[in-house]
Amino acid sequence: MSLTPKQDKFARCIADGMTQADAYRAAYDASKMKPDSVYHSACKLMANPQITQRVQELRGKLEE
């Protein structure tokens with residue numbers, strides 16, 4: 001299973017150095033969400049092995 005465009009954007013934001021919550025806000029519409037909900041949703045995304053693998057790939061490319 002591949003990442004959705006929003007999940008990929010989240011991973012790119014994380015790789016660029018954003019916090020998890022800020023990356024979530026950049027990738028998803030969180031305008032009506034409480035800060036605690038944003039934090040928990042971002043943590044759930046980071047628990048996804050495909051997303052963490054994508055973040056590692058992107059960070060590796062940035063280091064080169």
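Structure above, values below:
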read-out	value
In the chain, the trypsin sites (Lys or Arg not before Pro) that fall in loop regions by DSSP, at most 10 other Cβ within 10 Å	K32
Accessible area of the chain belonging to carbon and sulfur atoms, whole % at 1.4 Å probe	52 percent
Segment K6-R59, extension gain: residue separation times 0.36 nm, minus the distance between their alpha carbons	17.3 nm
As computed over the chain, the Cα convex hull volume per residue (Å³)	72 Å³
Solvent-accessible heavy-atom area per residue, rounded to whole Å², over the chain at 1.4 Å	70 Å²
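The values are calculated or read from the model by the stated rules, or taken from the named source; none is laboratory data. In this text the structure is predicted, and so the values were computed from the model without any measurement. We place every Cβ from the backbone using ideal geometry, glycine too, and count neighbours over all the protein chains shown. Ligands, DNA and RNA are stripped out before the accessible areas are found, and what is left, the full protein with its side chains, is counted by its heavy atoms. Shrake-Rupley method; radii C 1.70, N 1.55, O 1.52, S 1.80 Å.
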